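Chemist: Starting off with a structure, shown below.
Any read-out appearing in this document is the output of simple, stated calculations on the displayed coordinates, not a laboratory observation. Everything numeric in this text was worked out from a predicted model, so none of it was measured. All Cβ positions, glycine included, derive from the backbone under ideal geometry; neighbour counts span all protein chains shown.
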Amino acid sequence: MKYLLIIALLACSVTVHAQSHKHLYTQAENERLLRLLDSTHQALLSIVSRLSEQQFSHHVDIVSWSANDIVEHLGLIDEGYIRELWFTLAQPVFPDSYADSTKGGDEKAMAYATQPEKGRARGTNLPRNRYCDKQTCVRIFTEANELAKQFYIANASKDLRRQYVFRIDSKGVRSIKDAHQLGLLLVAHRMRHIDQLKRIIADPRFAKAD
């Protein structure tokens, strides 16, 4: 009788634990993110493919980035995000209440694509002309895109809504995002710089085609 009671208590405990950790991440969310990764990758390549080597490296003034700078920066940022994504899987299990802290995060992440405030790259994210030709620069960015897709394909069945990344902004405020939201932020960052590249190419000072 004593053993039956223990077994019943353990079964109850497992049931409660399972119920309190309802799977939040959906297949539809995963598939949408994969489509966004592909579409932003293709959108950038479509623009860059029309540029000559001279245009790819051209600066319209001393403060503006070239297409080379933008693509290099995107590759660097993507690689950094991919490392963060894999780090989220090494985090311990957090209480269910942490999922409440990320509500509304999808919209905030995507809103970054059109925020008027100018961002400021710094440190290892700054373009340093690491890749001296268009082909190499594009290849690095394309490889980073594939690595990002591989993460979301390999971990599609995991509850990425319960895997978190923590950041502290310049004002010392700590933010929390789940792994899906970090992917959306990666995509929004690409969109932001695709628009930047379009503005540069539309500038009257931009180098003419050969």
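Chemist: Going by C-beta contacts inside 10 Å, put Cys132, Cys137 in order with the fewest on the left.
Modeler: Ordered from fewest to most neighbouring Cβ atoms within 10 Å, Cys132, Cys137 come out as Cys132, Cys137.
Chemist: Now, a different point. Measure nothing but the geometry: give the 0 to 90° angle between the long axis through the Cα atoms of 2-20 and the longest principal axis through the Cα atoms of the chain, rounded to 10°.
Modeler: Rounded to the nearest ten degrees, it is 30.
Chemist: Can you tell me how the stretch 76-180 classifies by the Cα gyration tensor, rounded, prolate or oblate, using a/c under 1.5 as the rounded cut?
Modeler: It comes out oblate by the Cα gyration axes.
Chemist: Right, something else. Any chance you could give the angle, 0 to 90 degrees and rounded to 10, that helix 179-202 forms with the longest Cα principal axis of the chain?
Modeler: 10
Chemist: Neighbouring Cβ atoms within 10 Å as the yardstick, rank Phe206, Phe87, Phe141 fewest first.
Modeler: Values: Phe206 18, Phe87 12, Phe141 26.
Sorted ascending by nearby Cβ count, the order is Phe87, Phe206, Phe141.
Chemist: OK, next. Would you give the gap between the C-alpha center of the stretch 158-189 and the C-alpha center of the stretch 112-154, rounded to a whole Å?
Modeler: 17
Chemist: Cβ under 13 Å from Ala121's Cβ, Ala121 left aside: what net charge do those residues give with Lys, Arg +1 and Asp, Glu -1?
Modeler: Residues near Ala121 contribute +3 overall.
Chemist: What angle, in degrees between 0 and 90 and rounded to the nearest 10, separates the Cα long axis of helix 27-48 from the longest principal axis of the Cα atoms of the chain?
Modeler: Result, in degrees: 10.
Chemist: Placing +1 at every Lys and Arg Cβ and -1 at every Asp and Glu Cβ, with all other atoms neutral, what dipole size does the chain have around its Cα centre, in debye to the nearest 20?
Modeler: In total the dipole reaches around 360 debye.
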